[in-house]
Amino acid sequence: PAEFDYAISYVTTIKKRYATEPQVYQDFLEILRTYQQKERAIEDVLEQVSSLFADHPDLLREFTYFL
């Protein structure tokens, strides 16, 4: 499905962008994991991802499509 391909592409882009900062990528994955397990509200997810990607508005903008 196109949505799955887009999600994989987006996550790969993040991994590459933060290749020199692997903790940012790991933090992003952890945010997604806790959201997926319903441990975190969508508002919290958006706030944390906004903070995480503060210097990369393109990634933040695409995150809204990713969700």
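The values are calculated or read from the model by the stated rules, or taken from the named source; none is laboratory data. Being a predicted model, the structure only gives us computed values, none of them experimental. No Cβ is skipped: glycine too gets one built from the backbone with ideal geometry, and neighbour counts run over all protein chains shown. Heavy atoms of the whole protein, side chains included, go into the accessibility calculation; ligands, DNA and RNA do not. Shrake-Rupley method; radii C 1.70, N 1.55, O 1.52, S 1.80 Å.
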Query raised in the report: Semi-axes of the chain's equivalent ellipsoid from the Cα gyration tensor, sqrt of 5 times each eigenvalue, largest first, rounded to whole Å?
Result: 17, 15, 12
**Report entry** Centre separation in Å (Cα based) which lies between the stretch 2-31 and the stretch 49-66
**Finding:** 11
Report task. Extending each Cα 7 Å along its Cβ direction at residue 43 and residue 23, get the distance between those two points in nm, one decimal. Result -> 2.9
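Using the beta-carbon distance between residue 5 and residue 34 and R0 = 25 Å, what value does 1/(1 + (r/R0)^6) give for FRET efficiency, to the nearest 0.05? It would help to have the intermediate numbers written out before the result.
Details: r = 24 Å, r/R0 = 0.97.
The computed FRET efficiency comes out at 0.55.
Quick one: pull the percent of accessible area on the stretch 1-66 belonging to carbon and sulfur, 1.4 Å probe, ligands and nucleic acids left out.
On the way: 2500 of 4690 Å².
For the stretch 1-66, the apolar C and S fraction of the accessible surface comes to 53 percent.
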Report task. May I ask you to rank 25, 10, 65 by accessible area, largest first, using a 1.4 Å probe over the protein chains only? Result -> 65, 25, 10
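Quick one: accessible area per residue over the chain, 1.4 Å probe, rounded to a whole number of Å²? Let's see the in-between values first.
On the way: 4780 Å² over 67 residues.
The answer is 71 Å² per residue.
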